[in-house]
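Since the structure comes first, as structure tokens, the remarks are kept for the end.
The values are calculated or read from the model by the stated rules, or taken from the named source; none is laboratory data. Predicted, not measured: the structure shown is a model, and the values here were computed from it. Here the Cβ is made from the backbone with ideal geometry for all residues, glycine too, and neighbour counts use every protein chain on show. Accessible surface is based on the protein model in full, side chains and every heavy atom, while ligands, DNA and RNA are left aside. Shrake-Rupley method; radii C 1.70, N 1.55, O 1.52, S 1.80 Å.
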Amino acid sequence: MILEKLVLENFRQFRGRQEILFSTIKDRNVTLVHAENGFGKTAMLNALLWGFYGHEGLTEDLPKKENIIHEGTAARSRHATSTSAKVTIWFSHDHERYRLERELTLEQQKLDAKKTDLTLELSMDGMVQPVQFAQKKILTLMPTGISEFLFFNGEGIEHLAREENSAKITEAIRQMLGLKLLETAIEDLRCHSVLGKLRTELKERASLEKAAKIDEQSLVDEDIADLNKRKETNQKNIVATDAELGMVNAKLELNREAHHLQTRREDLEKQQTALNDRLGLVTKRLGQIIAEDSYALFADDLVKRGREIVNKLRSEGKIPARVLNTFLKELLDSKTCICKRHLVDGSSERKAVEDLMTYAGDQQFNNAVGALDNALGRIEEGAEHTRKTLQETNAERIKIIDDLKVVREELADIHQKIGGKADEEVHKLEETREALLLKQRELVAEKARIELKLEEKTKRRDELTKEIQDITDSEADAQKAQRRLTAVEDSARLLERILEIETAELRPVLNKEIGEHFRKIIGVGYWAELSDDFKLKIMKRLEVSEDESDASKSFDLEVALSQGQRQVTSLVFIASMVALARRRSEIPTIVKGLTGSEYPMVMDSPFGQLSQFRPGVARWIPELAPQVIIFVSSAQFEGSVANELKRSRRIGKRYFLTYHGPHIHAEAKRELQIGKDPVTVYFENKEEFTEIQELES
Amino acid sequence: MKAPEHIRELIKAVLQEERQVMHMRTRPDIHKNILQHVKRLVP
């Protein structure tokens, strides 16, 4: 979707008809709207959202949501049916051009402002065609699940990088990249109205034995659905508990009494996590060594016995053999000895040579003993190496366990110290924290139990499917019902497999995308990554020196982010997703071409908390998104943002909002230095209204 | 991944059906339509 034009008529503080054309030029894809605080930036963002989604689209921070029509105009109106607020948006999507118009009359606003009139028209080859079910069509073009990623208040966007919002991120990724479609298809195929119905049809026509199995399978399916619901609730509870715990930790950190200890505790907890991770890796490595190489340690007796045999053969002169059996056999075959005597059958000469065959070795025997000797040597060497590696790895494991013990003791000590503080607030916070930790542990244990049960039930369901298919039906109707049921089950299973592969293929692509952009904006030292379950994490590498040597080891840590870093992370994530959605059809995955489109990024005050990251965001976001619309105050624009945007020559259109009203926001300027000459943006007036002015470049 | 022809056809039909309604909050006919596709493609 590319936005082309927006016309506002009496929408909120925009009195009369006001219009803005958005830049649609690829190399100059930024439309900049300068507006001081209180002049109408948020109202303009909301005009777009109201246009697309109506009342439900309005942002949470918009006050008096029921008052859509310009207040002065509404107050002066004598005809409630002919006074209205209207938003018209021209946009293109996948090479089709649309015109959307949403209107609310004063009469309707008084009755119920949520009910609006919406029309959507599609222009094709100069012909205009009304679109049926306009709202549904808009939701198809741009679902609400992704709209909050495309139209947002920059200062409020940082919440996306918080742990508790990972579900939203997962949802947006799945929706924007087409995975949601597969998930829904699987759910629908397996639902009661499809699979359940086919099962009932089969049950009615099948044998008693088969009917009983179908009944059991329905019960197992119910159990699976129930477990999935429990899993979902459990996950939500885990996320909520983590968020609550985060808040308690933050409060303790802010408290003067507990600040020092809490900061230390957070450090220790990070160390504990890293040590636990390392312990897991080392234990795994240890297991691997034992599984693959430890046989050498238990082969001491065998090696000793082997050596004795080889030494005995050597001492008896049997190896290496002085005369080879093959040579003697040749003499016997030719019936002539080396001394030219005839070796006639039954002669004493022939018998003497035949007797020698008993003692002589052959080349194969020589080789076998040689190989045995060599193998014995290698086993001995291997045993030594394995013993050494095991000792070292075990020492490393013991060291980690010791370090963990020290960390845990200090953590317990901190808990006692904070809990024992005289300050009542600190004491209560510590109690709450402990209770939350307990709850967190219980929830994690419950999660493991649910997953285990789910695994068992899913296995049983698959077994039953096979058992049901294996019972042959005698009647044609039953056979047909079975074929249909099998087809639906097979399709659902195949789609599950496709979803699995698709997810696995897309994650590294998105990860690479995010990682690259994050590095450009934030700089070196940190990187962003999406976990297996699509959680957005910012990582850094920690180098730790070993005690007795200069060698250092490194491991990766998840970083606790500042508000500014969270804002950048969220922006980078959105831009990466928009960039990927733009070239989604080029990514060679199975469901290629199913979805993917261009989406704009409309940002209200995106530079607020960014501090040193402002130039990076101003430079890179317009490179990633096909269209960027920025509402910005002079305080956020002047300096690095202005320089970067001017330098990149990305600005295609520039506007400023003039505000007419009795008062002006304390930080707002009356005059802006944004063009060649200063422009006046505030006019004192009894009635409040805002106008859009284009800035000549 | 080589699935039988009727399974591939069924998946294609279901995905097309889903794509048309993928962002709607209520999808009253989707299950009925999927069943019809099953009956059409698996006679």
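The figures follow:
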item: Fraction of accessible area attributable to carbon and sulfur, the protein assembly as shown (%, probe 1.4 Å); result: 50
item: In Å², nearest 10: area of A:M127 left accessible to a 1.4 Å probe; result: 130
item: ³J(HN,Hα) computed for each position of segment A:305-316 - Karplus, 6.51 cos²θ - 1.76 cosθ + 1.60, integer Hz, glycine/proline x; result: 5, x, 4, 4, 4, 4, 4, 4, 4, 5, 5, 7
item: Entries in A:K236/A:K405; A:K231/A:K535; A:K180/B:K12; A:K168/A:K417; A:K251/A:K399 that, when Cα-Cα distance is taken, lie over 27 Å; result: A:K236/A:K405; A:K168/A:K417; A:K251/A:K399
item: Residues of type lysines that A:K340 reaches as a straight line, Cα spacing below 18 Å, ignoring anything fewer than 8 places off in the same chain; result: A:K329, A:K351
item: Rounded to 5, the percent of DSSP beta bridges in the protein assembly as shown classed as antiparallel; result: 70
item: Total charge dipole magnitude, segment A:294-407, about the Cα centre, Cβ charges on Lys, Arg, Asp, Glu only, Debye to nearest 20; result: 320
item: A:R582, A:R265, ranked by accessible area, largest first (probe 1.4 Å); result: A:R582, A:R265
item: Unit charges at the beta carbon, dipole of segment A:294-407: most positive-side option, A:T386, A:A296, A:V344; result: A:V344
item: Amide proton proximity set for A:T336, modelled H, under 5 Å, gap of 5+; result: A:L343
item: Rounded to the nearest 10 Å², the accessible area of A:F656 at probe 1.4 Å; result: 20
item: GluC sites (Glu not before Pro) within segment A:49-113: DSSP coil, no more than 15 neighbouring Cβ in 10 Å; result: A:E60, A:E66
item: Between segment A:194-211 and segment A:398-458, the Cα center-to-center distance that results, in Å; result: 49
item: Accessible area per residue, Å², chain A with all protein chains present, probe 1.4 Å; result: 53
item: Heavy-atom accessible area ranking, 1.4 Å probe, most first, across A:D462, A:D677; result: A:D677, A:D462
item: Contact surface B-A: accessible area buried, both sides summed, square angstrom, 1.4 angstrom probe; result: 2600
item: Whole-number D in µm² s⁻¹ for the protein assembly as shown, Kirkwood Cα-pair radius fed into Stokes-Einstein, 20 °C, 1.002 mPa s; result: 65
item: For the protein assembly as shown, with +1 on Lys and Arg beta carbons and -1 on Asp and Glu, the positive-most of A:M247, A:Q272, A:L198 along the dipole; result: A:L198
item: Nearest-10 value in Å² for the accessible area of A:M357, using the 1.4 Å probe; result: 60
item: Debye, to nearest 20: dipole size of the protein assembly as shown, +1 on Lys, Arg Cβ, -1 on Asp, Glu Cβ; result: 1580
item: For segment A:672-685, Karplus couplings with θ = phi - 60° (6.51, -1.76, 1.60), whole Hz, Gly/Pro x; result: 10, 9, 10, x, 5, 10, x, 10, 7, 10, 10, 10, 6, 7
